[in-house]
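Shown next, in structure tokens, is the structure this report addresses.
The values are calculated or read from the model by the stated rules, or taken from the named source; none is laboratory data. These numbers were taken from a predicted model, which means no experiment stands behind them. So basically every Cβ, Gly included, is an ideal-geometry build from the backbone, and we count neighbours across all protein chains shown. Heads up: the accessible areas ignore ligands, DNA and RNA and are worked out on the full protein's heavy atoms, side chains in. Shrake-Rupley method; radii C 1.70, N 1.55, O 1.52, S 1.80 Å.
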Amino acid sequence: MKLVTAIIKPFKMDDAREALAAVGVQGITVTEVKGFGRQKGHTELYRGAEYVVDFLPKSKLEVAVSDDQVEAVIAAITKAASTGKIGDGKIFVQELIEAIRIRTGEFGAEAL
């Protein structure tokens, strides 16, 4: 099993959710986060004063999947979240040691 974590632009979240549903993902966790990468934030004007926005709003998407779904999930997120511009985000894949469904007590891939 793998845990796929993607940091994407917030307005692309609905597209990513639909793409994941199309490849058979049954559950996702979404968190609103702030951060920056190479773009290092940007400057904005507010009431005539310029200020720096260091941390940009992002959405963090987490999906636990079986090993055979990983490539399809990565492809779906990449296609749905891409704008071709800086700040599109990143995808991280980690080994998931165990998953347990609390209600039924199921373990492993059956719990996903």
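For the range 78-83, backbone phi angles converted through the Karplus equation (6.51, -1.76, 1.60; θ = phi - 60°) give residue-by-residue couplings of 4, 5, 6, 8, 6, 10 Hz, Gly and Pro being listed as x. Between ILE97, ILE77, ILE28, find the one with the highest GNM mean-square fluctuation for the chain; connect C-alpha pairs within less than 10 Å. Fluctuation is largest for ILE97. Taking a straight Cα-Cα cut-off under 22 Å and skipping sequence neighbours fewer than 8 places away in the same chain, the lysines within cross-link reach of LYS85 are LYS9, LYS12, LYS34, LYS40, LYS58, LYS60.
Scanning the chain for GluC sites (Glu not before Pro) lying in DSSP loops with no more than 15 further Cβ atoms inside 10 Å, the longest uninterrupted stretch between such sites is 1-97. Here is the list for the range 46-112: trypsin sites (Lys or Arg not before Pro) lying in DSSP coil, each with at most 16 other C-beta atoms within 10 angstrom of its C-beta, are ARG47, LYS85, ARG101, ARG103. The alpha carbons of the range 1-96 occupy a box of 53, 23, 21 Å along the principal axes, longest dimension given first. Of SER59, SER82, the order by accessible heavy-atom surface (1.4 Å probe, DNA, RNA and ligands excluded), from most exposed downward, is SER82, SER59.
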